[in-house]
Amino acid sequence: MTQVTNPQLAELREIAAEVLEVEPEELTETGLFGEEYDADSLRAIELLARIEKRFKVDIPQTELPNMIHLRATYDVVAKYAGWS
Amino acid sequence: MMLDHAAIRRILPHRHPMLLVDRVLTLESGARIEALKAVTGSEPCYAGLDAVDGPGFDYPVSLLLESLAQTGALLWLHSAPGNGFPLFGSASDIRLHGRVRPGDVLRHLVRLQHVNAGTAMFGGETWVGDSRVLTAGSMFAVIRPDIDSRPGDRPSAAGPILDSHETGDAT
């Protein structure tokens, strides 16, 4: 599912990198947002809001604990956005 | 619609000296707002400054952003009234085009970009006269519903709190 060339994943990486204030290439698919990129709960909510805005999708905040890294975030967004 | 200072205080929990919006000129619910903030030499940020020439009397950018963000919060909270404490989350794509000095009147224009489940994103500009002094591409705020923000002089948040205080319809 998560190939490097996937345009949606690339866009998610851009959004997450902006919120976490790192360069997109520094953000690995399984680097933990909290432990490795110092994200707090406010950053997590911001990430969710930016994703919702960009992809015009509603994602409940109950999914936040599942969005621990880029790949997990992709899976959550894919579920609600209907990406196959 | 226009909001006077009393109406602003019914919506925002901020108080002196950190309430940084004076008057709302126009408000289009859920969409856009235009508000004024007058900067004076008696602001606390200038206390203790002597007759320093130069940048000492530039209005601090942090307060400029806070004033713009409070304008966005007014638009958001007016459009979706409820309990909770608005928290500033982040600002990105900020550009400063000019400086602000005592005597200037800031005119903030803010558009709501996205609202969902206790979060809001908005962007805006600040003008002094016909000069743009600040552009904010994106600001992010959240509502913490578990903190009661209502100060003593705010009426019950049950129901629309503005009905009897809106002053005309300028939009």
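The values are calculated or read from the model by the stated rules, or taken from the named source; none is laboratory data. Source: prediction; values computed, not measured. Glycine also receives a Cβ, built like all others from the backbone with ideal geometry; neighbour counts cover every protein chain displayed.
Taking the residues in the stretch B:94-109 that are touching a helix residue (DSSP H, G or I) at 6+ places or on another chain (Cβ under 7 Å) and outside any strand (DSSP E or B) as candidates, determine which candidate is surrounded by the fewest Cβ atoms within 10 Å (Cβ to Cβ). Per the stated criteria, the residue is B:Arg101. Selection of the stretch A:40-52 for residues being small (Gly, Ala, Ser) and surrounded by 22 or more Cβ atoms within 10 Å (Cβ to Cβ) yields only A:Ala49. Among the residues of the stretch B:112-143, those that are away from chain A (no Cβ under 13 Å) and in a strand (DSSP E or B) comprise B:Gly124, B:Glu125, B:Thr126, B:Trp127, B:Val128, B:Ser131, B:Arg132, B:Val133, B:Leu134, B:Thr135, B:Ala136. The set of residues from the stretch B:1-17 being in a loop (DSSP other than H, G, I, E, B) and surrounded by 13 or more Cβ atoms within 10 Å (Cβ to Cβ) comprises B:Met1, B:Met2, B:Asp4, B:Leu12, B:Pro13, B:His14.
Among the residues that make up the stretch A:75-82, is at least one of them part of a helix (DSSP H, G or I), among the basic types (Lys, Arg), without any contact (Cβ under 8 Å) to a residue 40 or more places away in the chain and away from every other protein chain (no Cβ under 14 Å)? Yes; the residues of the stretch A:75-82 include at least one that is part of a helix (DSSP H, G or I), among the basic types (Lys, Arg), without any contact (Cβ under 8 Å) to a residue 40 or more places away in the chain and away from every other protein chain (no Cβ under 14 Å). With respect to being within 15 Å of the chain's Cα centre (by Cα), part of a helix (DSSP H, G or I) and closer than 22 Å to B:Ile8 by Cα, B:Leu63 fits the description.
For the stretch B:26-46, residues that are exposed (fewer than 14 other Cβ atoms within 10 Å of the Cβ) and in a strand (DSSP E or B) total 1. Scanning the stretch B:110-136 for residues being more than 19 Å from A:Ile15 (Cα to Cα), surrounded by fewer than 19 Cβ atoms within 10 Å (Cβ to Cβ) and in contact with an Asp or Glu (Cβ under 7 Å, 6 or more places away or on another chain) gives a total of 2.
Here A:Val22 clears all of (1) surrounded by 15 or more Cβ atoms within 10 Å (Cβ to Cβ); (2) within 10 Å of chain B (Cβ to nearest Cβ) except the condition numbered (2).
The set of residues in the stretch B:80-90 being more than 9 Å from chain A (Cβ to nearest Cβ), closer than 27 Å to A:Ile15 by Cα and surrounded by fewer than 18 Cβ atoms within 10 Å (Cβ to Cβ) consists of B:Ala80, B:Phe85, B:Phe88.
Checked against the criterion of being over 20 Å from B:Val39 (Cα atoms), modelled with pLDDT under 95 and assigned to a strand (DSSP E or B), the stretch B:75-84 has no qualifying residue. Considering the stretch A:56-69, and only residues there that are buried (at least 18 other Cβ atoms within 10 Å of the Cβ) and within 25 Å of B:Phe122 (Cα to Cα), the residue that is farthest from the other protein chains (Cβ to nearest Cβ) turns out to be A:Met67. For the stretch A:1-17, the count of residues that are closer than 17 Å to B:Gly89 by Cα, modelled with pLDDT under 95 and not in a loop (DSSP other than H, G, I, E, B) is zero.
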